[in-house]
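**Student:** One structure, as structure tokens, below. Some questions next.
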């Protein structure tokens, strides 16, 4: 598969999930009818981008763990695995950006840019919002360390790439504690199943690390 085809497939998957997310959640909540057109577009975009961002972060975290443990190489070759991992990072960053921008533009919640970017600045569910903001900054650190790898000492890059573990925990808590859709059984199952899978593979990763040192 050439690079152009990979880009097209990733963009197609991202856009399909993004625009389908609100309608899937609406149906999961017992209302299969389309979302009312009276709902603000910014609110729909915030919800959809938040959910898609979490799902992509889960897949990104699992692919990273799969690369570190070598499990992913049983299904795809190393070069393809790294390419997929890279584009998953870009797609996740895009979803997070849409989530933040649409939240800023939402006329109902009225988050200021300061409240969106500074932890504990918001009066709305202060701690839960702060978890998302801190997770966002850690994610940005990992992305920039990957893009500008040639400028970073290896030890710094290695330390920064331990951040995906707390990033996932922070975003998991942010989503399940503050997410509008977290009361829907479908979303609760999604959060807990993805959280359990990351915990299991992380434990296996730690086990392999100790085994190699023994």
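**Student:** What order do you get for 125, 74 when you list them from fewest to most C-beta neighbours inside 10 Å?
**Tutor:** 74, 125
**Student:** Counting other beta carbons within 10 Å of each residue's own, what order do 147, 90 fall into, fewest first?
**Tutor:** Least to most surrounded, the residues fall as 147, 90.
**Student:** Got a sec? How would 118, 198 order by Cβ neighbour count within 10 Å, fewest to most?
**Tutor:** 118, 198
**Student:** Still on this structure, I have one more. Of the peptides 55-65, 78-88, 202-212, how do they stack up when ordered by the mean number of other Cβ atoms within 10 Å, highest first?
**Tutor:** In decreasing order of mean packing, 55-65, 78-88, 202-212 become 55-65, 78-88, 202-212.
Since every read-out is calculated from the coordinates, none of them should be taken as a lab result. Everything quoted here is computed from the prediction, not taken from an experiment. So basically every Cβ, Gly included, is an ideal-geometry build from the backbone, and we count neighbours across all protein chains shown.
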